[in-house]
Amino acid sequence: MPPTEPETGAVARRGPAAAVADGRNGMPTVLLSHPTGGSVEIYLHGAHLTRWRSAAGRELLFVSEYSEFEPGTAIRGGIPVIFPQFGPGPLPKHGFARTREWELVDTGVDAEERATATLALRDDEATRALWPHAFRLELTVSLGAALELALAVTNEGTTGFTFTTALHDYLAVDDLRTARVEGLQGARYQDQVTGAGGVESRAQLTVDGEVDRVYLGPPGPLRVHTGERVLTMAWEGFSDVVVWNPWAGKARALPDLGDDEYLRMLCVETARVAAPIRLGPGERWRATQRLAG
Ligand code: BG6
């Protein structure tokens, strides 16, 4: 379906709406707005959701003041799309989807009266040089009273491939030291700081140091408490949840994160990490993440 005629300038206020606008460094973005007052901003660079503003005008996602907005570099914050490799490995860390330019293929209003935008990424010479597979990746963002992201991967080649993936949310928190994540109790985890595995015993997870854990198969939903707010995260198709914060030491080593910014963010990511997905020729995999806050 061709994209609807892009509007420029202010986003219409009455109904759900989509508009195309220049972002930082003139990089193209899509803006969605909803009559309840919420809005989102998505960079075509990485199909990266960089802003989700609630009806009350509150920013629900964290983006670093030091983030680069440059071709070839991942934006620090928002919701990076991780594909086809989560974490380190033979490909660049967290894959290449977050550093590629995606195409805006559709905007509109869906049956639930949500403002929607669909962005796509296909293989090209540069991706095939890294990962020799024909694929189509699609991210559909739907903004209503809640925010939904649907990620679909299609194998467009003649041989099978496997991948790992995540939607790597940087949630904005008032103060990391008092934020709590509820819903992981009883889940097995792999701790990427210590290398140890275990079972989460806490009903509410708090962070008082570096945290980097992959929780295997928690059923969800999660509730993230910060200040007076509670954000819920639910998903389908993803199986794992990653909780990450670099804390002070590692934050200092990240050039695109301010020394104290780690206190205002907590990454809670829905992922398929432990069991990579295998797609045969023509097969498609789809997963959704739903946020309400
Ligand atoms: C998390 C990983 O998902 O992303 C961490 O679990 C990693 O190990 C973090 O450090 C950030 O990665 P990057 O490449 O964006 O600095």
Positions within the range 146-190 being touching an Asp or Glu at 6+ places or on another chain (Cβ under 7 Å) and either within 16 Å of the ligand (Cβ to nearest atom) or at positive phi (or both), in sequence order | A166, L167, H168, D169, L184, G186, A187, Y189
Residue list for the range 135-159, filter: in contact with a Phe, Trp or Tyr (Cβ under 9 Å, 6 or more places away or on another chain) and not in a strand (DSSP E or B) = E156, G157
Subset of the range 252-293 that is within 18 Å of T206 (Cα to Cα) and either small (G, A, S) or within 12 Å of the ligand (Cβ to nearest atom) (or both) - its residue that is surrounded by the fewest Cβ atoms within 10 Å (Cβ to Cβ) = C267
Every residue from the range 225-247 that is within 16 Å of the ligand (Cβ to nearest atom) and aliphatic (A, V, I, L, M) | M233, V241, V242, V243
Of all residues making up the range 170-229, the number that are among the hydrophobic types (A, V, I, L, M, F, W, C), crowded, with 18+ Cβ neighbours inside 10 Å and closer than 21 Å to K250 by Cα | 9
Across (1) at pLDDT below 95; (2) crowded, with 21+ Cβ neighbours inside 10 Å, M1 clears everything bar (2)
Among A115, A97, which is the only one that is within 24 Å of A271 (Cβ to Cβ) and not hydroxyl-bearing (S, T, Y)?
-> A97
Can you find a residue in the range 38-58 that is within 21 Å of V173 (Cα to Cα) and in contact with a helix residue (DSSP H, G or I) (Cβ under 6 Å, 6 or more places away or on another chain)?
-> no
Which pairs do you get when a residue that is of a type in the set (D, E), found in the range 187-209, comes within reach of a residue that is in a loop (DSSP other than H, G, I, E, B), reach meaning Cβ atoms under 9 angstrom, with the pair 6+ apart or on two chains?
-> E200/L184; E200/Q185; E200/G186; E200/A187; E200/P218
The range 109-135: number of residues that are on the phi < 0 side of the Ramachandran plot and surrounded by fewer than 15 Cβ atoms within 10 Å (Cβ to Cβ) | 9
Within the range 185-234, tally of residues that are farther than 25 Å from R58 by Cβ and assigned to a strand (DSSP E or B) = 12
Just checking, which of A117, A74, A126, A134 is farther than 18 Å from G237 by Cβ and either within 16 Å of the ligand (Cβ to nearest atom) or among the polar types (S, T, N, Q) (or both)?
-> A74
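The values are calculated or read from the model by the stated rules, or taken from the named source; none is laboratory data. What you see is a predicted model, and the numbers here were worked out from it, not measured in a lab. Methodologically, a virtual Cβ is constructed for each residue, glycine included, from the backbone with ideal geometry; neighbour enumeration extends over all protein chains shown.
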